[in-house]
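Below: one structure in structure tokens.
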Amino acid sequence: MWIGIITIFPEMFVTVSNYGILSKAIKNGSIKFFLFNPRYFIKKFFLNCKPYGDIPGVLLSVDILKNAINYAKLESSNVDTKVVYLSPKGTLINQNVISNILSYKSVIFISGRYEGIDERLFNFFIDEEISFGDFIFSGGENILFLLLDSIVRLLPNVLGNINSVINDSFIDYVLDAPHYTKPKLVYNVKIPKNLLFCNNLLIKDWNIKYKLGCTFFKRRELFNKFKMSKIKYMLLRNFILENREVL
């Protein structure tokens, strides 16, 4: 997968690209990662310009950003390269959005700054807008760190154990089950006995039951996104009965 980032602060990506799973993905060839600084395209243009109308702040220069996008597309060597802009007006990001981005062979992310970009760029250059929620950052770089991590960890040969991905929260619209490790007793709370048995079926049923239960208890609206089998319904019913005093 080819990933390009257009940002006026490429230095911010040095650390995240040298450590963790992004670094591993770059080193093993799972992704090709490139940074493009719009400042390199400043000739007679300014980096930013005041918007028309009585609006405070500035916008990134249309010509500089346009040239940066075109250059990045040439570097990707793919005419179908998608251009994604981080925007509060965009589709709220979730696991489906991440999966959709994974289907792209090459993608360019634009990290916004200031008051945003000229509206005409959306008409001719931007393929998709995505949002991380109803809040505002001073720039898109920090959000891109999260987005890159979400994308890269789903690529083959990046995580050491593929089951870590399969069991993640939101992969099948449910939260992950609780996790436990040594010691067996912490503050007089024991590890659930089903997890201590060498019985894969019991462990699997416990995990499904508690995935459904955690989702029911903490994110009940997610149940609108999938249909439950009779077995899952029974496991959820058992969870509710076992925990009715807490619920």
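Bear in mind that the values in this text are calculations on the coordinates, not laboratory data. Keep in mind that what you see is a predicted model, and the values were worked out from it rather than measured. Reconstructed Cβ throughout: ideal geometry from the backbone, glycine too, with neighbour counts over all protein chains shown.
Report the net charge of residues surrounding Leu235, where surrounding means a beta-carbon distance below 12 angstrom and charges are Lys +1, Arg +1, Asp -1, Glu -1.
That works out to +4.
For Glu242 and Ile26, what does the FRET efficiency come to when R0 = 30 Å and r is the distance between their Cβ atoms, rounded to the nearest 0.05?
After rounding, the FRET efficiency stands at 0.05.
Show that you can apply the helix-only estimate: for the chain, add -39,500 (n - 2.57) for every DSSP H stretch of four or more residues, divide by all residues, and state [θ] at 222 nm to the nearest 500.
That calculation yields -11000 deg cm²/dmol at 222 nm.
Further question: Please work out the Kirkwood hydrodynamic radius for region 171-242, using every pair of different C-alpha atoms, and report it in angstroms with one decimal place.
With all distinct Cα pairs of region 171-242 included, I get 13.2 Å.
Another question, then. Can you flag which of Lys193/Lys232; Lys182/Lys232; Lys89/Lys225; Lys204/Lys225; Lys27/Lys73 are past 25 Å Cα-Cα?
Table pairs above 25 Å Cα-Cα are Lys182/Lys232.
Between Leu195, Leu74, Leu65, which gets the highest mean-square fluctuation from a Gaussian network model of the chain, Cα cutoff 10 Å?
Judging by the Gaussian network model, the answer is Leu195.
If you look at just the Cα atoms of region 1-73, how large are its Rg and its Dmax in Å?
15.4, 50
If you wrap a convex hull around the C-alpha atoms of the chain and split its volume per residue, what is the figure in Å³? Provide the component values of the computation, followed by the final result.
On the way: hull volume 45.8 nm³, N = 247.
In the chain, the Cα hull volume divided by residue count equals 186 Å³.
Connecting C-alpha atoms closer than 10 Å in a GNM of the chain, tell me which of Thr181, Thr215, Thr91 has the biggest fluctuation.
Greatest mean-square fluctuation among the candidates belongs to Thr181.
Quick one: Cα centre-to-centre distance for region 99-122 and region 187-203, in angstrom?
46 Å
Please state the relative contact order of the chain as a whole percent: Cα pairs under 8 Å, 6+ residues apart?
Values: 324 pairs, mean separation 44.0, N = 247.
Relative contact order for the chain comes out at 18 percent.
What value does region 14-119 have for Rg/Rh, both radii from Cα atoms and Rh as Kirkwood defines it? Show your work: numbers first, answer last.
Values: Rg = 15.9 Å, Rh = 15.9 Å.
Rg/Rh: 1.00.
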